[in-house]
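Working notes, structure below.
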Amino acid sequence: MINFEHCIRCTICVENCPVFRVNPDFPGPKQAGPDAQRFRMEKEKSVDNWVLLCSQCKRCNMACPCGVDPAEIILQAQQRYGLQHPRTLAHLLFANNYYLSALGSLTAPVANKVASTKIGKKIFHAMGITTYIPFPKFSFKTMKSEKKKKSKAIKKVAFFYGCFINFYRPDIGRKIIRLLESFDVDVVLPEQWCCGLPALGNGNLAIARYFAQKNAASLSNYIDAGYDVIYTCTSCGLCLMHDYPGILEISLAKKITENTYDLHEYIIGLIDDGYIEPQFVEVKRKIVYHIPCHLRALGIGYPAAKIMAMIPGLEYEIFDDTCCGLNGSYGFKKTNEETAVQLGTRAVSLIKKTGAENIMADCGSCRMQLGGLSGMDALDPAEIICESLGITDEK
Amino acid sequence: MGVIQHDVIIIGAGVAGLTAGAILAEKGYNVALVAKGEPTACLSTGCIDICSLDHDPLHGVSHLPDEHPYHLVSRAVIRESIEKFKESMAQMGFSYIGSPETNRYVLSALGTFKTTCLVPSTMAAAPQDEKDDLHIITFSGLKDFYPSYITARRKNASFSTYDAGASTTMGLATNFEREDFLEKFISWLEKLNIREGKIAFPAVLGLESAGMITKKIEERLGRKVFEIPTIPPSMPGRRLFNALKDYFRKKGGMIYWSWPVSGVEKTKKIIEAVTSPSEGRPKSLNAKAFILASGSFVGGGLTARRDTIVENIFNLPVLVPGQRDNWFDSDYFSLNHGIGKAGIIVDSSFRPKEADWENVFVCGGIIAHTDVLKNGCGHGMALATGHAAAASCMGYIK
Ligand SMILES: Cc1cc2nc3c(=O)[nH]c(=O)nc-3n(C[C@H](O)[C@H](O)[C@H](O)COP(=O)(O)OP(=O)(O)OC[C@H]3O[C@@H](n4cnc5c(N)ncnc54)[C@H](O)[C@@H]3O)c2cc1C
Ligand code: SF4
Ligand code: SF4
Ligand code: SF4
């Protein structure tokens with residue numbers, strides 16, 4: 001996995017690093033990755049605390065012509081650093097995003113109030129969490145309370161909906177279920193936990209592995225019963241497909257990766273197989289499709305763009321060079337706030353130049369960032385597909 | 001599932017692959033392009049070298065050895081590929097100037113002239129002789145750009161340094177995209193009371209809006225302004241790459257990043273699909289035809305082993321320039337390294353010679369006998385062969 005010796009020092013990765021662009025404290029993927037790797041000794045305590053400034057967007061990996069994967073080298077350095085150094089409260093909280101969110105969800109009205117008051121903001125600040133965009137509103141009725149339904153459809157999927165949909169936007173989750181059901185696909189909601197990515201991003205390998213193992217065991221049961229797994233959050237997707245077999249070394253990973261699909265990749269497959277012939281109705285919108293870094297890293301192309309191309313009237317432009325800066329929990333940390341705001345502002349100013357009315361993105365945290373900073377509506381691709389097919393989240 | 005039928009798969013996101021892809025997509029073919037990483041265009045000056053052997057590049061082409069791939073493309077197609085390139089870049093807001101009839105110069109960071117043919121509008125005002133007097137602006141902490149190299153060679157040149165709060169080309173370019181930064185910078189420039197006729201900058205004047213930024217400085221200062229290409233990270237190279245990529249997508253092409261091709265599925269004379277490493281479900285993409293534009297050594301299309309050179313995807317026969325001793329000239333800075341000839345020999349249909357494949361076409365830096373350094377023909381050759389390979393491929397799948 002570590003190919004640092006293949007580096008030819010071309011600096012292409014550096015040009016692609018969003019953090020390096022705006023934060024002079026981060027030495028960039030070449031130095032933090034292959035260059036520093038030469039000096040990292042097993043026996044010595046790690047001192048390179050700046051590795052935590054890497055947002056794990058993976059852009060450096062995608063750019064490197066030599067297959068070096070600087071982001072993986074840095075990810076390992078982050079885990080090492082995490083293991084050897086006590087963490088700030090914010091790191092621990094975000095590593096446990098799932099419990100934080102679950103807590104917020106149970107006490108939603110209270111949590112929302114706290115997060116939006118001055119004192120609440122102070123508390124979040126004291127914990128090292130930034131409040132420059134409204135903290136996600138904790139949503140009361142989570143997806144887990146949705147009932148499993150039976151039908152005779154042949155295609156069966158287990159839906160890995162992810163934390164964002166679960167805690168903040170279960171309405172989108174419900175729409176996706178209705179959408180798949182309208183395609184005669186049987187949808188179940190398997191027992192699931194956070195994919196583990198936030199814990200990994202905070203240098204907490206143990207927590208990440210704990211979640212990953214639980215998820216893998218749960219999803220594996222469904223796969224054995226003939227289900228395909230689908231994800232909609234592309235960061236969850238990258239974690240399942242890339243980190244489970246990779247750094248997390250999950251024993252059931254092969255089975256998971258063989259049977260897991262991006263939602264839109266799955267829908268394209270249904271169309272390709274002739275299983276469905278959706279009749280898309282005109283949607284008159286002009287949108288910018290912001291490609292989440294992790295969708296790009298998945299190496300599956302941009303499946304939702306293929307569906308957008310089938311929707312009459314829809315005008316869309318693809319933006320895949322503008323990291324939104326939030327990167328899940330990364331931008332919520334006080335130390336990264338300025339980086340996140342600068343990158344987000346840049347992305348928004350480029351989006352605004354197009355004259356688009358809406359932003360579309362597969363990842364909830366990108367939508368939160370870009371929607372929050374631009375004041376524009378930021379939609380999930382599934383929302384647009386549902387609009388075109390006349391599907392709502394209510395029965 | 002997971003396999004979608006395409007008309008054509010292009011391998012490589014360099015000038016050659018993106019050019020061939022845009023032509024096919026424009027004609028309505030279902031085209032996907034897969035890439036392992038970013039191309040050599042990002043390391044380049046962004047200037048389009050067609051052939052530097054003669055002041056008239058098309059005339060220069062006739063001086064090339066018989067086996068040079070330029071001879072497989074008619075002059076009309078070379079011309080067309082240049083016109084089409086200029087047109088598409090203008091559409092993407094990244095205009096080029098120049099014509100295939102005459103070469104021109106750009107000033108290098110060493111103060112020497114580099115011969116090229118088409119230049120981005122931001123380099124249009126570069127001096128073509130020793131006469132122009134210049135004022136050079138540099139930025140505190142910027143590495144690998146020292147105006148004194150230039151002032152040592154040119155009599156009428158002086159320089160000033162600006163502290164921009166960033167010291168990398170990418171950081172500076174990002175700053176220039178901000179209106180408040182640009183305003184502050186221009187008022188600083190105005191106070192310098194520059195007397196020289198032209199103002200020169202390292203090529204950091206923005207990423208998306210370089211043309212507009214250059215124009216704005218020209219208008220406000222009443223002086224001609226031009227950029228000097230830097231060693232990588234090179235902003236003009238990246239602008240070129242971005243514009244080509246966006247143009248390809250605008251024409252309907254789809255790009256798969258993180259998609260290093262590692263294998264093929266084949267029947268007798270036909271490649272059915274290309275595959276990429278995967279931790280789980282096999283990743284494969286099938287198509288009626290494939291265009292190999294994976295570049296030479298830096299791009300990743302060729303790998304040199306101890307005594308031989310291999311093509312990494314289809315394992316095509318490679319022209320190896322003799323024994324390893326002949327690969328490199330003893331002078332490192334020589335333009336005459338044997339290795340420049342290495343690559344895939346193609347026939348007039350741009351199919352690889354001495355290979356079985358009916359539906360594989362080859363273009364760009366991976367072709368044998370190009371000798372890009374020696375002949376000064378990098379991007380221009382990629383444009384011309386990209387056009388020719390796309391045309392040939394269209395003839396096949398029709
Ligand atoms: C440092 C440098 C500076 C240069 N400067 C100039 C200049 O100023 N002007 C000029 O005209 N020319 C210049 N050239 C030459 C010019 O860049 C190339 O000759 C020309 O652009 C040809 O590029 P290409 O499209 O064939 O391939 P490349 O640019 O090499 O691109 C190859 C593409 O293929 C991809 N690829 C490779 N293997 C695989 C695989 N297995 N699977 C998937 N994808 C793969 C790579 O990731 C890349 O995207 C320069 C070259 C270099 C190296
Ligand atoms: S993963 Fe992203 S933030 Fe980290 S070094 Fe690579 S490009 Fe930079
Ligand atoms: S892009 Fe790859 S080869 Fe180039 S400097 Fe970065 S890690 Fe090294
Ligand atoms: S990656 Fe997905 S599941 Fe994990 S925290 Fe983010 S939204 Fe939730």
Matching option when the condition is among the hydrophobic types (A, V, I, L, M, F, W, C), within 14 Å of chain B (Cβ to nearest Cβ) and surrounded by 24 or more Cβ atoms within 10 Å (Cβ to Cβ), among A:Val51, A:Val19: A:Val19
Residue match in region B:188-205 (condition: assigned to a loop (DSSP other than H, G, I, E, B) and acidic (Asp, Glu)): yes
Which residue pairs have Cβ atoms closer than 7 Å, lie 6 or more positions apart in sequence or on different chains, and pair a first residue in region B:217-232 that is within 14 Å of chain A (Cβ to nearest Cβ) with a second residue that is part of a strand (DSSP E or B) and buried (at least 21 other Cβ atoms within 10 Å of the Cβ)? B:Thr230/B:Pro202
Filter pass, A:Asp228 being farther than 30 Å from A:Thr345 by Cβ and facing another protein chain (nearest Cβ under 8 Å): no
Of all residues in region A:335-376 being under 23 Å from A:Val283 (Cβ atoms) and small (Gly, Ala, Ser), which is nearest to ligand 4 (Cβ to nearest atom)? A:Gly364
Condition check: more than 16 Å from ligand 2 (Cβ to nearest atom), closer than 16 Å to A:Asp380 by Cα and either within 14 Å of chain B (Cβ to nearest Cβ) or buried (at least 22 other Cβ atoms within 10 Å of the Cβ) (or both). Does A:Asn166 satisfy that? yes
When residues of region B:18-75 are filtered for being touching a strand residue (DSSP E or B) at 6+ places or on another chain (Cβ under 9 Å) and among the hydroxyl-bearing types (Ser, Thr, Tyr), how many remain? 3
Scan of region A:329-362 for residues that are closer than 17 Å to A:Phe164 by Cα and touching a Phe, Trp or Tyr at 6+ places or on another chain (Cβ under 8 Å), ordered by number: A:Ser329, A:Phe332, A:Met360, A:Ala361
One residue from A:Cys66, A:Cys57 being within 14 Å of chain B (Cβ to nearest Cβ), open to solvent by less than 50 Å² (accessible area, probe 1.4 Å) and either assigned to a helix (DSSP H, G or I) or within 22 Å of A:Lys333 (Cα to Cα) (or both): A:Cys57
Restricting to region B:134-176, give me the number of residues that are under 16 Å from B:Glu208 (Cα atoms) and touching a helix residue (DSSP H, G or I) at 6+ places or on another chain (Cβ under 7 Å). 7
Given the conditions (1) more than 14 Å from every other protein chain (Cβ to nearest Cβ); (2) open to solvent by 10 Å² or more (accessible area, probe 1.4 Å), which single one is not true for B:Leu142? (1)
Every residue from region B:320-346 that is over 16 Å from B:Arg305 (Cα atoms) and free of Cβ contacts under 8 Å to residues at least 12 places away in the same chain: B:Asp329, B:Ser330, B:Asp331, B:Tyr332, B:Phe333, B:Ser334
Residues of region B:3-24 classified as assigned to a strand (DSSP E or B) and either within 16 Å of ligand 2 (Cβ to nearest atom) or not hydrophobic (A, V, I, L, M, F, W, C) (or both), total: 3
Yes/no for B:Arg324 being open to solvent by 40 Å² or more (accessible area, probe 1.4 Å), charged (D, E, K, R) and modelled with pLDDT of 95 or more: no
Does B:Gly93 satisfy the condition of being away from ligand 1 (no atom under 14 Å from the Cβ) and either surrounded by fewer than 23 Cβ atoms within 10 Å (Cβ to Cβ) or in a loop (DSSP other than H, G, I, E, B) (or both)? yes
Restricting region A:297-342 to residues that are within 11 Å of chain B (Cβ to nearest Cβ) and in contact with a Cys (Cβ under 9 Å, 6 or more places away or on another chain), the residue that is least open to solvent (accessible area, probe 1.4 Å): A:Asp320
What about B:Val310, is it in a strand (DSSP E or B), more than 14 Å from chain A (Cβ to nearest Cβ), in contact (Cβ under 8 Å) with a residue 40 or more places away in the chain and over 21 Å from B:Ala22 (Cα atoms)? no
Of the conditions (1) in contact (Cβ under 8 Å) with a residue 12 or more places away in the chain; (2) of a type in the set (D, E, K, R); (3) within 26 Å of B:Lys224 (Cα to Cα), the single one that B:Glu87 does not satisfy is (1)
Please go through region B:13-36 and pick out each residue that is open to solvent by 10 Å² or more (accessible area, probe 1.4 Å) and within 16 Å of ligand 3 (Cβ to nearest atom). B:Gly14, B:Lys36
Quickly run through region A:356-395 and pick out the residues that are crowded, with 24+ Cβ neighbours inside 10 Å and among the charged types (D, E, K, R). A:Asp362, A:Arg367, A:Asp380
Residues that are modelled with pLDDT of 95 or more and over 20 Å from A:Cys66 (Cα atoms), drawn from region B:267-284: B:Ile270, B:Ile271, B:Glu272, B:Ala273
Applying the selection to region B:292-320, what residues are open to solvent by 50 Å² or more (accessible area, probe 1.4 Å), of a type outside the set (S, T, N, Q) and either within 16 Å of ligand 4 (Cβ to nearest atom) or under 22 Å from B:Glu272 (Cα atoms) (or both)? B:Pro317
Criterion violated by A:Ile247 - all others in (1) β-branched (Val, Ile, Thr); (2) out of contact with any Ser or Thr (no Cβ under 8 Å at 6 or more places or on another chain); (3) buried (at least 22 other Cβ atoms within 10 Å of the Cβ); (4) within 14 Å of chain B (Cβ to nearest Cβ) satisfied: (3)
Over region A:8-24, the set of residues touching a Phe, Trp or Tyr at 6+ places or on another chain (Cβ under 7 Å) and more than 8 Å from ligand 3 (Cβ to nearest atom) is A:Val19, A:Phe20
What tally of residues in region B:340-361 results from selecting those that are within 19 Å of B:Pro65 (Cα to Cα) and open to solvent by 30 Å² or more (accessible area, probe 1.4 Å)? 5
Region B:279-307 - residue that is within 10 Å of chain A (Cβ to nearest Cβ) and not in a loop (DSSP other than H, G, I, E, B) and, of those, nearest to B:Asn30 (Cα to Cα): B:Leu285
Filter pass, B:Tyr396 being aromatic (Phe, Trp, Tyr), over 22 Å from the mean Cα position of the chain (by Cα), at pLDDT 95 or above and more than 16 Å from ligand 4 (Cβ to nearest atom): yes
Among the residues of region A:213-223, is any more than 10 Å from every other protein chain (Cβ to nearest Cβ) and of a type in the set (D, E, K, R)? yes
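The values are calculated or read from the model by the stated rules, or taken from the named source; none is laboratory data. The shown structure was predicted, so the numbers you read here are calculated from the model rather than taken from an experiment. All Cβ positions, glycine included, derive from the backbone under ideal geometry; neighbour counts span all protein chains shown. All accessible areas refer to the heavy atoms of the entire protein, side chains included, with ligands and DNA or RNA removed. Shrake-Rupley method; radii C 1.70, N 1.55, O 1.52, S 1.80 Å.
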